[in-house]
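One structure is given here, and the rest of the page talks about it.
The values are calculated or read from the model by the stated rules, or taken from the named source; none is laboratory data. Being a predicted model, the structure only gives us computed values, none of them experimental. No Cβ is skipped: glycine too gets one built from the backbone with ideal geometry, and neighbour counts run over all protein chains shown.
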Amino acid sequence: MPSRILAYRATIGLIWALALWHSWICRGLFIDGSAFLVNIVHYEQFFEFYPPRAYAMIAAQVPVVAGIKLGITDLHQLGRLFSLGLFALPTVLYTLALVRARHDAVVLAIVITAIGGVFMTTSFFIIGEYNTAYALAILVAVWLVTAERLTVGDGLVLLAAAAFSIRTYEVFIYLGPLLAAMTLWQVRRVERRPVVPMLLYLGAAACFIAGMAVAIDSVVHPYSATHLAETYDMALDFWQNLQFDFAFVAMLIVAIWALVRPEQLATLRPYRWSAIFAVLLALSPLLALADTVVRPLAKSHYVARTVCGLVIAAMVVFLWCHAARMFENWRLRRVLRDEGTRRRVLGLACLILLAILPSDIFLSLTWQSYIGSLRQVVTTHTGLVAYEETPLAHRPDLLLVENWALPSQSLILRSRPGDGIVRPPRDFSDWLPFPLDNPPDLGRFVWRD
């Protein structure tokens, strides 16, 4: 079983190595990301069109906007900077949570499980602000349960996180009041309450409630009623994300065991059953050999984002119960005081994180191949190119095609203004980010290999 120090250091090293690699291969251009970058480059400024998520949007775009202001005109490099901003934002938050949790094996295990079971199973759609929202919730919960007293430093961190959460993602419709209640609990449970730290904590609680209010308003008055309805309908399709399914079952087995028969966490039995699904997760890329849709799929990451909010909320509640005095005699807490049990729980978290790596690498390499195929089509054609006449219409590339995103991805991959733009399939009649016969003029910005 790994030690706490090894687990947290290795996890930090791993998530940053992945963030840099994913940025290098421009994974931020997946689906909506390409349309975002087209607008950022075309207007040479931040692209923020949805106020309820404005803070997360702007924060992630800082590297690419800075690159443009510094004179970078290579869309390849700007694509990397854009991806770096998207990946770095949640990675920084998870890193802070790992550092803060390093002294408690159980809290550390929860953070690592959130990274492996939620972030890495849903972050191929890294443009989604939910990636940042979930990381922010875990960070705040860890910060609160590991605080022994009220300090100005902790108060400033919490206030900054809470203020940022006001316009991050709609999930704060329930995470907001949950984190506000935890913050007030922290103020109440400590014996000494210095004025300045207490005011900072209370300010943080107020900001979390403000985040809830913004989230409610965004649902009551949505940017797109159609998109909101589609989100509701899609929420039950989380099972289509094979990576999440295996990771979730592995987590769920031990969670149920912990609630029903906590004493058995001191044995290997629950972990063996959980390890079966972790192994299946690690082997899941082999399903691609059968050439079916039952395999890790990049587009399936999007459909699991909603249920992952409930998983994060459950983790936050567990952390709260793990630290609250009123649950001091809870059977599970008594069992988790045993050092051997704590290390087994931490070991399982690390196993889930490692098990997700093969599918993440597989999908990332598939994305690299897709970008190469699309660029080959774009640079060897002029004008509008029929999708059906390109390699993109065949496996494995077609598994990464999002019809409406093809034109904006093509525009980004151009080496010169006259290069081709791949049209959506002939039967596609939905929304497009720009008219195909009048694409945005990106001027001096071109993709260079």
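Specify the residue that is farthest from residue 168 (Cα to Cα); the eligible residues are those in segment 196-245 that are touching a Phe, Trp or Tyr at 6+ places or on another chain (Cβ under 9 Å) and outside any helix (DSSP H, G or I). Going through the qualifying residues, I end up with 241. Any residue in segment 31-42 that is farther than 21 Å from residue 72 by Cβ and modelled with pLDDT of 95 or more? Looking for residues that are farther than 21 Å from residue 72 by Cβ and modelled with pLDDT of 95 or more, one finds none in segment 31-42, hence no.
Looking at (1) within 20 Å of residue 308 (Cβ to Cβ); (2) modelled with pLDDT under 95; (3) part of a loop (DSSP other than H, G, I, E, B), which one does residue 52 not meet, given that it meets all the others? Tallying (1) within 20 Å of residue 308 (Cβ to Cβ); (2) modelled with pLDDT under 95; (3) part of a loop (DSSP other than H, G, I, E, B), residue 52 fails exactly one: (3). Taking the criterion of being more than 17 Å from the chain's Cα centre (by Cα), aromatic (Phe, Trp, Tyr) and buried (at least 18 other Cβ atoms within 10 Å of the Cβ), the only residue of segment 1-35 that qualifies is 8.
Residues that are part of a helix (DSSP H, G or I), within 27 Å of residue 361 (Cα to Cα) and either of a type outside the set (Val, Ile, Thr) or in contact with a strand residue (DSSP E or B) (Cβ under 7 Å, 6 or more places away or on another chain) (or both) are absent from segment 38-48. Entry remark, segment 387-413: residues being out of contact with any Pro (no Cβ under 9 Å at 6 or more places or on another chain), free of Cβ contacts under 8 Å to residues at least 40 places away in the same chain and part of a loop (DSSP other than H, G, I, E, B) number 2 in total.
Within segment 397-432, if we keep just the residues that are over 26 Å from the mean Cα position of the chain (by Cα) and of a type in the set (Gly, Ala, Ser), the residue that is farthest from residue 296 (Cα to Cα) turns out to be 418. Take residue 160 and decide whether it is at pLDDT 95 or above and under 16 Å from the mean Cα position of the chain (by Cα). The answer is no for residue 160.
Here 112, 127 are screened, and the one residue that is under 26 Å from residue 303 (Cβ atoms), of a type in the set (Val, Ile, Thr) and not in a helix (DSSP H, G or I) is 127.
For residue 8, are the conditions met, namely being free of Cβ contacts under 8 Å to residues at least 12 places away in the same chain and out of contact with any strand residue (DSSP E or B) (no Cβ under 6 Å at 6 or more places or on another chain)? Let's see the steps before the verdict.
Details: free of Cβ contacts under 8 Å to residues at least 12 places away in the same chain: no; out of contact with any strand residue (DSSP E or B) (no Cβ under 6 Å at 6 or more places or on another chain): yes.
No.
Being over 21 Å from residue 305 (Cβ atoms) and either among the charged types (D, E, K, R) or crowded, with 16+ Cβ neighbours inside 10 Å (or both) is a property that residue 176 lacks.
The set of residues in segment 201-251 that are under 13 Å from residue 304 (Cβ atoms) and small (Gly, Ala, Ser) comprises 235, 247. Please determine, by comparing only the residues of segment 416-449 that are closer than 19 Å to residue 391 by Cβ and in contact with an Asp or Glu (Cβ under 8 Å, 6 or more places away or on another chain), which one is surrounded by the fewest Cβ atoms within 10 Å (Cβ to Cβ). Filtering segment 416-449 for residues that are closer than 19 Å to residue 391 by Cβ and in contact with an Asp or Glu (Cβ under 8 Å, 6 or more places away or on another chain), the one surrounded by the fewest Cβ atoms within 10 Å (Cβ to Cβ) comes out as 426.
Is it the case that some residue within segment 41-50 is buried (at least 22 other Cβ atoms within 10 Å of the Cβ) and under 22 Å from residue 413 (Cβ atoms)? For segment 41-50, residues buried (at least 22 other Cβ atoms within 10 Å of the Cβ) and under 22 Å from residue 413 (Cβ atoms): present. Per this entry, residue 351 is not counted among residues that are more than 23 Å from residue 262 (Cα to Cα), among the aliphatic types (A, V, I, L, M) and crowded, with 19+ Cβ neighbours inside 10 Å. Number of residues in segment 59-75 that are part of a helix (DSSP H, G or I) and either more than 16 Å from the chain's Cα centre (by Cα) or crowded, with 20+ Cβ neighbours inside 10 Å (or both) equals 11. Quick check, is residue 191 free of Cβ contacts under 8 Å to residues at least 60 places away in the same chain and not hydroxyl-bearing (Ser, Thr, Tyr)? So residue 191 fits the description; yes. Being more than 27 Å from residue 8 (Cα to Cα) and free of Cβ contacts under 8 Å to residues at least 60 places away in the same chain is a description that does not apply to residue 303. Consider segment 76-92 and keep the residues that are over 17 Å from the mean Cα position of the chain (by Cα) and of a type in the set (A, V, I, L, M). The one that is surrounded by the most Cβ atoms within 10 Å (Cβ to Cβ) is 81.
Is it true that some residue in segment 244-252 is surrounded by fewer than 22 Cβ atoms within 10 Å (Cβ to Cβ) and closer than 21 Å to residue 126 by Cα? Checked against the condition, which is being surrounded by fewer than 22 Cβ atoms within 10 Å (Cβ to Cβ) and closer than 21 Å to residue 126 by Cα, segment 244-252 yields at least one hit. For segment 311-338, what are the residues that are closer than 19 Å to residue 188 by Cα, of a type in the set (A, V, I, L, M), surrounded by fewer than 16 Cβ atoms within 10 Å (Cβ to Cβ) and at pLDDT 90 or above? Selection gives 317 alone. Of the helices (runs of 4 or more DSSP H) that lie entirely inside segment 298-363, those containing 1 or more residues that are hydroxyl-bearing (Ser, Thr, Tyr), under 14 Å from the mean Cα position of the chain (by Cα) and under 24 Å from residue 133 (Cα atoms) span 300-303, 305-323.
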